[in-house]
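Asker: So that we are looking at the same thing, I have put the structure below in structure tokens.
Every number here is computed from the coordinates shown, using simple stated rules; none is lab data. Keep in mind it's a predicted model, so treat the numbers as computed, not measured. We place every Cβ from the backbone using ideal geometry, glycine too, and count neighbours over all the protein chains shown.
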Amino acid sequence: MKPFNQPDAGHAVESQQAYTQARQSMVANIRDMAAADRSWVAGARSEKVLAVMSRVPRHCFVPQALRPHAYGNHPLPIGHDQTIGTGSGYQAAVLSGLAGQVYSLEVVPQLAASVARLLAALGYANVSVKAGDGCLGWPVHAPYDRIIVTAAAKHIPQPLLDQLKPGGRLVIPVGGHAEFQQLQLITKDAAGQLQHQAIEPVRFVPFIGAE
Ligand SMILES: C[S@@+](CC[C@H](N)C(=O)[O-])C[C@H]1O[C@@H](n2cnc3c(N)ncnc32)[C@H](O)[C@@H]1O
């Protein structure tokens, strides 16, 4: 959630070639800014992550009218009072290139349905999307090597800790929704013991639902 300079942020792009250039520019900016500031999260310095981001057509995951702005340094609305993320399918698409299998939960049923259709149409065959409360996890496929939460929780949901594999990692923004939250990394060791590490302040939309 650190800002990065994006030359095309205010400049509308419309052709496929322009989208590709804007995407490469976005990735180059993330790489440069992360190299200049070592406090950036490790993912921003990972060439593996950046290589996937340079391939995923981010503009396909935002409403048509906002596509020219898809590669700018700002959140974009995707409907239902939500911003680009699992609800849009973008992050799931990036994770698709990094993991063997991705299970994604989205609480807004309409978003879950449209995202499942979009990901299938774009060929992301290793992503399963379900409408449901992320606080409860998805027990049937557990345990998970990695769990990434992209809405802010007041507390870390116990089901997510339970569904984490020994040796696994959970990343989650924790805190009240009107302020900045703390991004936390929770590691479960081989004996099932949990270690918590604060990564950095972030700002996410709040969890909707039981939490
Ligand atoms: C802001 S988006 C994630 C953005 C992410 N940081 C990104 O850009 O990659 C948060 C999504 O979480 C969903 N959400 C909120 N509460 C949820 C819950 N309890 N379970 C599952 N999804 C939830 C919202 O509907 C929204 O689509």
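Asker: Compute the orientation-averaged projected area for the chain from the convex hull of its Cα atoms and round it to one decimal in nm².
Answerer: 11.5
Asker: Take residue 16 and residue 36, extend 7 Å from each Cα along the Cα→Cβ direction, and tell me the distance between the two endpoints in nm.
Answerer: Label at residue 16, label at residue 36, 3.4 nm between them.
Asker: I've got another one for you. If I fit a long axis through the Cα atoms of helix 109-121 and take the longest principal axis of the Cα atoms of the chain, what angle between them do I get, 0 to 90°, rounded to 10?
Answerer: For 109-121 against the chain, the angle is about 60 degrees.
Asker: Roughly what would the spin-label model give for residue 47 and residue 195, points 7 Å off Cα along C-beta, in nm?
Answerer: 2.7
Asker: From zero outward in steps of 10 Å, how is the percent of C-alpha pairs of the stretch 15-126 spread across the bins?
Answerer: The percentages, shortest bin first, are 14, 44, 35, 7, 0.
Asker: Where does the chain land at 222 nm, in deg cm²/dmol rounded to the nearest 500, when only DSSP H runs of n ≥ 4 count, each adding -39500 (n - 2.57), divided by all residues?
Answerer: My calculation for the chain gives -7500 deg cm²/dmol from helical runs alone.
Asker: Determine, from the Cβ-Cβ distance of residue 128 and residue 187 and an R0 of 22 Å, the FRET efficiency 1/(1 + (r/R0)^6), rounded to the nearest 0.05.
Answerer: After rounding to 0.05, the efficiency reads 0.30.
Asker: For helix 16-36, report the angle its Cα long axis makes with the longest principal axis of the Cα atoms of the chain; keep it between 0 and 90° and round to the nearest 10°.
Answerer: Roughly 60 degrees between the two axes.
Asker: Normalise the Debye intensity by I(0) for the stretch 79-181, one equal point scatterer per Cα, no solvent, then take log10 at q = 0.14 Å⁻¹ and round to two decimals.
Answerer: -0.53
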